[in-house]
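Chemist: Handing you this structure, nothing more for now.
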Amino acid sequence: EAKAAGRNTARFFDPAMQHQINERLALEAALREAIEQRRLTLWYQPQVDATGTTLGAEALLRWIDKDGRIVPTDRFIPLAEETGLIHPIGRFVLQATCEQLAAWASEPRLAGLVLAINISARQFAEPDFVSELRTMLVDHHVPAGRLKLELTESVVLEHVDEAVQRMEQLREIGLLFALDDFGTGYSSLSYLKRLPVDQVKIDKAFVRDVCEDAGDAAIARTIVTLGHVLGISIIAEGVETEAQLDFLQACGCDAYQGYLFGKPMPVDEFERFAASVATA
Ligand code: C2E
Ligand code: MG
Ligand code: MG
Ligand code: MG
């Protein structure tokens, strides 16, 4: 009896586990505080066409902590999803991008840019998602076609019928959709036919070795060909070298995003980037 109880007690107070729990709770509290104190911000990573012209940007969340350090997204986004904090975060992202698009509307060189935002599964499943989005666009006088929603396959495939219905509703008002991290999920190629997306993003995992790895090269080529047959444009993410760009251009990729063109950057830096003449 005593021995068993002792074991249970020992397991409950496992110091390593307790440490993990404490760290998680501390991170959650810090994230809550960061949301309240508006210490979350968006950085923008250029998306360009084959001539190097800026088409727009992907807005990426950045959490700058009290010491001015960036907290890695993979540390806090999964936590935000588990705790539900992704809802206030998602609203912030939507509001901030709408404000940004509204501010650019009067600037000739920025007015045509499209901003892509990442939407997590829980956010997309919210009953009020469509109406909140619509209200936000109307309130900021932002044409829906300036906003692109990036969904991953897992978001869509969990409840395909509901997701497709929701996507069609939003596309009717003019929103654009991109399928993020394509090729990394359990995706079956046949699903692509059913999904009302405007764009597919070739995941950076395939781009990395596309010049050396025949398998990755074949995957990239196949995604481009299949996408084009279905009337979907293709963007490659994680493009870091000229050699990767050359290869992807030869495949017929429509757009590119990666460190070769620009890392995610604060908005003023992105505005200068977008307004400068293409050099590629
Ligand atoms: P993602 O949507 O696939 O975003 C692309 C990630 O690749 C970004 O990481 C970006 O900084 C990185 N990246 C871009 N170009 C290159 C490159 O050339 N080389 C390499 N090695 N990496 C590159 P980041 O900003 O850390 O974001 C990671 C993930 O966090 C995103 O993946 C997305 O799933 C999620 N995320 C970011 N912002 C948001 C947000 O506002 N809401 C939600 N729900 N998720 C977000
Ligand atoms: Mg993305
Ligand atoms: Mg991606
Ligand atoms: Mg990715």
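The values are calculated or read from the model by the stated rules, or taken from the named source; none is laboratory data. For clarity, every value in this text was computed on a predicted model and none was experimentally measured. FYI the Cβ positions are ideal-geometry reconstructions off the backbone, even for glycines, and counts take in every protein chain you see. Heavy atoms of the whole protein, side chains included, go into the accessibility calculation; ligands, DNA and RNA do not. Shrake-Rupley method; radii C 1.70, N 1.55, O 1.52, S 1.80 Å.
Chemist: For the chain, what is the mean residue ellipticity at 222 nm derived from helices alone (per DSSP H run of n ≥ 4: -39500 (n - 2.57); sum divided by total residues; nearest 500 deg cm²/dmol)?
Modeler: Rounded to the nearest 500, the figure is -15500 deg cm²/dmol.
Chemist: Around residue 258, which amide H atoms from residues at least 5 apart in sequence, or from another chain, sit under 5 Å from its own amide H, with H modelled in the peptide plane?
Modeler: Result for residue 258 returns 238, 239.
Chemist: Then there's this: Might you tell me the accessible area per residue for region 203-250, computed with a 1.4 Å probe and given in Å²?
Modeler: On the way: 2330 Å² over 48 residues.
Per-residue value: 49 Å².
Chemist: Wrap a convex hull around the Cα atoms of the chain, take a quarter of its surface area, and give that in square nanometres.
Modeler: Dividing the Cα hull surface by four gives the mean projection, 18.8 nm².
Chemist: If 92, 129 are ordered by their accessible area, calculated over protein heavy atoms with a 1.4 Å probe, which sequence runs from highest to lowest?
Modeler: Of 92, 129, the descending order of accessible area is 92, 129.
Chemist: Using only C-alpha positions, report the orientation-averaged shadow area of the convex hull of region 7-165, nm², one decimal.
Modeler: For region 7-165, the mean projected area of the Cα convex hull comes to 13.2 nm².
Chemist: Right, something else. Roughly to the nearest percent, how much of the accessible area of the chain is carbon and sulfur, given a 1.4 Å probe? Please list the in-between numbers first.
Modeler: Values: 7760 of 14560 Å².
Summing carbon and sulfur atoms, their accessible area is 53 percent of the total for the chain.
Chemist: Accessible area of residue 225, 1.4 Å probe, to the nearest 10 Å²?
Modeler: We get 80 Å² for residue 225.
Chemist: So for the chain, if I pair up every lysine 8 or more residues apart or on another chain, how many of those pairs have alpha-carbons under 24 Å apart?
Modeler: Step by step, the pairs that qualify in the chain add up to 9.
Chemist: So what are the ³J(HN,Hα) numbers for region 67-73, from phi and the Karplus equation (6.51, -1.76, 1.60; θ = phi - 60°), rounded to whole Hz, Gly and Pro as x?
Modeler: Whole-Hz 3J(HN,Hα) from phi for region 67-73: 8, x, 8, 7, 7, x, 4.
Chemist: Moving on. May I ask you to derive the FRET efficiency for residue 193 and residue 276 from their Cβ-Cβ distance with R0 = 51 Å, giving the value to the nearest 0.05?
Modeler: E between residue 193 and residue 276, to the nearest 0.05, is 0.85.
Chemist: Roughly how tilted is helix 242-251, in degrees to the nearest 10 and between 0 and 90, from the longest Cα axis of the chain?
Modeler: Long axis of 242-251 versus the principal axis of the chain: about 70 degrees.
Chemist: Something else about it: In nm, what is the difference between 0.36 nm times the number of residues separating residue 91 and residue 125 and their Cα-Cα distance?
Modeler: Computed gain between residue 91 and residue 125 is 10.9 nm.
Chemist: Moving on. Under 12 Å from the Cβ of residue 263, count the other residues' Cβ atoms, weight Lys and Arg +1, Asp and Glu -1, and hand me the total.
Modeler: The answer is -2.
Chemist: Quick check: net charge around residue 252, other residues with Cβ under 13 Å of its Cβ, Lys/Arg +1 and Asp/Glu -1?
Modeler: -2
Chemist: Can you tell me the FRET efficiency between residue 135 and residue 13 if r is taken as the Cβ-Cβ distance and R0 is 45 Å, rounded to the nearest 0.05?
Modeler: Efficiency, rounded to the nearest 0.05: 0.40.
Chemist: Taking the solvent-accessible surface of protein heavy atoms with a 1.4 Å probe, what is the per residue accessible area of region 21-177 in Å²? Could the numbers behind the result be given before it?
Modeler: Working: 7580 Å² over 157 residues.
Roughly 48 Å² per residue, with all protein chains present.
Chemist: What list of whole percents do you get for P(r) of region 177-280, with Cα-Cα distances grouped in 5 Å bins up to the one holding the largest distance?
Modeler: Calculated P(r), rounded to whole percents: 2, 12, 23, 23, 18, 12, 7, 3, 0.
Chemist: Oh, and also: Given the convex hull of the Cα atoms of region 175-220, what is a quarter of its surface area in nm²? All intermediate terms of the calculation are to be shown ahead of the outcome.
Modeler: On the way: hull surface 13.9 nm².
Directional mean of the projected Cα hull area for region 175-220 stands at 3.5 nm².
Chemist: With the chain treated as a Gaussian network of Cα nodes joined by springs under 10 Å, which of 231, 90, 262 yields the largest mean-square fluctuation?
Modeler: Ranking 231, 90, 262 by mean-square fluctuation puts 231 first.
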